[in-house]
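Here the structure comes first, spelled out in structure tokens, and everything after it is commentary.
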Amino acid sequence: METAARDMDQELDRFDNDHEATGQLMAELFAHATARESISRDELAQLSDDRPEEVDRAIERLLRLGVLRTKTGQPGRLVPVAPATAHAQLLMPAIRELRDRQAMINDASAQLAHLLPVYESSVMRRTGQQLVHHLEDVDAVRSALSELSARATREILTSQPGGSRPEAVLKEATDRTVHVLKRGVRMRTLYQYAAQFHQPTVDHATLFVAHGAEVRLVTDAFMRLIVFDREVALIELLDNAQGAVLVRDPNIIHFLVRAFERAWDRALAFPLAHDRDQVLRSSEEMKTAIVKLLVEGYDDKVVAKRLGISLRTFQRHLAEVLRRIGANNRIHAGYLLRDLGMFHEKYA
């Protein structure tokens, strides 16, 4: 890699040197041409110490720039042209075209800016008339998030299941969320157990807490959910991770808020800085959640997904649970926990 970088640097240096040398040769040839009324290529070549092919290349560039032109009636002779004249002839058409394009861009931008609030109000009015509305793609979801966040005045409830969140998603949400918090809107967010071990998510939560947000952890799975002012919500769209369902039905909103509040009451404080007691407490909460799901008969992959942890992490917790209750395997553990009432004895 270092060799490739060094070779590239050397190539760039050669390019710069060649460009500078060509520029110097062009200036030299142009000076010879301007000293006469007209001059031939051969005469220019004889006046220069450079190689003939380099002289030809420099002359061609002078011709393309328009500071040299062939003499009328004598195609073998070259006549110098004032750079200001060449500038007007060569660049003014391009400059006019750029000005026209810029005017078109400015006009289109103004028209689009004028139409944007019309579109947003119409869409919000249309979706506002629908109690349940499907948003099928990421752009539609982002637009709804931005609009609803800007309109929120009292409270936003958020649930983010799973472990770590993509850093790009965290970055996108940061400015929007901080702006909402600065307006005095209360914000409560539920993360899942594994999120506390993902540093970008911890940094994200720390920033929001510093601006007044509240963040807690749940061990079991909870739906992806955002509720704005207890009036409108966004929930997951089945079989389409890029979309969402926008809900305005007050009965559904009431149900979602109650479910969130129940999870919030059972949740743990999000550890912005880990200490030994917090780690142990979180680990015990995770083992309790695993026991509950074992009793319900879920397999390893389902339990790990519901808890937002890797299969390996789940199996490590499971091994400790089995050791504590003296079970030989998960089937034996399920029998002991369910039929002998060991769940209440050891994990209540």
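The values are calculated or read from the model by the stated rules, or taken from the named source; none is laboratory data. Note that the coordinates shown come from a computational prediction; the quantities given were computed from them, not determined experimentally. Every residue, glycine as well, gets a Cβ built from its backbone with ideal geometry; the counts of neighbours run over all protein chains shown.
So which pairs qualify, if the first residue must be in region 131-152 and under 12 Å from VAL180 (Cβ atoms), the second must be surrounded by 16 or more Cβ atoms within 10 Å (Cβ to Cβ) and of a type in the set (S, T, N, Q), the Cβ gap must be under 8 Å, and the two must be at least 6 apart or on different chains?
Within 8 Å, the pairs are SER149/THR177.
Taking the condition of being touching a residue at least 24 places away in the same chain (Cβ under 8 Å) and either exposed (fewer than 15 other Cβ atoms within 10 Å of the Cβ) or outside any helix (DSSP H, G or I) (or both), how many residues in region 235-253 meet it?
So the answer is 10.
Would you confirm whether any residue within region 113-134 is touching a Gly at 6+ places or on another chain (Cβ under 9 Å) and at pLDDT 80 or above? Can you show your working first?
Step one: list which residues in region 113-134 are touching a Gly at 6+ places or on another chain (Cβ under 9 Å), which gives 134.
Cutting the leftovers down to at pLDDT 80 or above gives us 134.
Yes - at least one qualifying residue is present in region 113-134.
Report the residue count in region 254-272 for those that are free of Cβ contacts under 8 Å to residues at least 60 places away in the same chain, surrounded by 14 or more Cβ atoms within 10 Å (Cβ to Cβ) and in a helix (DSSP H, G or I).
Qualifying residue count for the region: 2.
From the list ALA205, ALA194, ALA221, ALA168, pick out the single residue that is surrounded by fewer than 16 Cβ atoms within 10 Å (Cβ to Cβ), of a type in the set (Gly, Ala, Ser) and modelled with pLDDT under 90.
Exactly one of ALA205, ALA194, ALA221, ALA168 is surrounded by fewer than 16 Cβ atoms within 10 Å (Cβ to Cβ), of a type in the set (Gly, Ala, Ser) and modelled with pLDDT under 90, namely ALA168.
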